[in-house]
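In what follows, a single structure is set out as structure tokens and then discussed.
Each reported figure results from applying straightforward, stated rules to the coordinates on display, with no laboratory input. In this text the structure is predicted, and so the values were computed from the model without any measurement. Cβ sites come from the backbone with ideal geometry, for glycine too, and all protein chains shown count toward neighbours.
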Amino acid sequence: MQNKQYIQYGASLCAPREWLNFDCSPTMVLERIPIAGRFINRNKIRFPKNVRYGNIVSVLPVTNGTCKGIYASHVLEHLSLGDFRTALRHTYNLLAEGGVFRALAPDLELLAREYISSEDSRAAETFLKHAGLGQETRPNGLSGLLVSWLGSGDHLWMWDYKGLAAELSEAGFQHIRPCKIGDS
């Protein structure tokens, strides 16, 4: 598998066959337990078989300097600031010279501008929902404990372009630019 030159971390349900795809979701781990896994994840949609367990914060099982491209879609905002910085260092180390890292994350500046310019009485609620920061309900009892222990998928740190570009630059990345859909 080391001959694959493109990797994705935080693959979730999108896992191109030509890529090495990693995810560290507890749901994926639990649903792969023989027999019991069918009952743990009752959704009909399951992680693709070609998604392997891997955590960019702990280092992926890929040789440094071998990747032409790395893709992370809606992963970085789920990391604490310290874990985010560690993930960026690991990502940078995995890339071959001239390699490309493409990351997608919610744009905090855009969300904040929409919030500030809104006249809607529920603007704060909309902002929190779109930013993935608010919690409408909090599970109690055993389910609450499990969600807390396994992770809820909440956003832990939000980014705008300026802040993300500065962090990328500090990690060693060059030629940093914002992209739009279809720009690759």
Self-check item: Mean residue ellipticity (222 nm) of the chain, computed from DSSP H runs ≥ 4 via -39,500 (n - 2.57), nearest 500
Solution: -9500 deg cm²/dmol
Exercise. Using the Cα centre as the reference, give the magnitude of the dipole from point charges on the C-beta atoms of the stretch 83-174 (Lys, Arg: +1; Asp, Glu: -1; all else neutral), rounded to the nearest 20 debye.
Key: 240
Quiz item: For Asn93 and Lys129, what does the FRET efficiency come to when R0 = 35 Å and r is the distance between their Cβ atoms, rounded to the nearest 0.05?
Solution: 0.50
Quiz item: If you build a Gaussian network model of the chain, linking Cα atoms that sit under 10 Å apart, which residue out of Pro16, Pro34, Pro61 swings the most?
Solution: Pro34
Quiz item: What residues have an amide H closer than 5 Å to that of Val100, excluding those fewer than 5 places away on the same chain, when H is modeled at 1.01 Å from N in the peptide plane?
Solution: Gly69, Ile70
Quiz item: When the dipole is taken about the Cα centre of the chain, and only Lys, Arg (+1) and Asp, Glu (-1) are charged at their Cβ, what size is it in debye, to the nearest 20?
Solution: 920
Quiz prompt | At least 24 Å along the helix axis (C-alpha) and Kyte average at least 0.5, DSSP helices within the chain | solution = none
Quiz item: Say the dipole of the chain comes from +1 at the beta carbon of Lys and Arg and -1 at that of Asp and Glu; which of Gly141, Ser117, Leu79 then lies farthest toward its positive end?
Solution: Gly141
Quiz item: Looking only at Gly69, Gly172, Gly99, which one moves most when the chain is put into a Gaussian network model with springs between Cα atoms under 10 Å?
Solution: Gly172
Self-check item: Derived scalar couplings ³J(HN,Hα) [the stretch 54-67; Karplus, 6.51 cos²θ - 1.76 cosθ + 1.60; whole Hz; x for Gly, Pro]
Solution: x, 10, 4, 6, 8, 4, 7, x, 9, 5, 4, x, 10, 9
Exercise. State the extension gain, in nm to one decimal, for the chain segment bounded by Trp157 and Ile116, taking 0.36 nm per residue of separation less the distance between their alpha-carbons.
Key: 12.8 nm
Exercise. Would you look at the GNM of the chain, springs on alpha carbons closer than 10 Å, and say which of Ser25, Ser117, Ser73 moves the most?
Key: Ser117
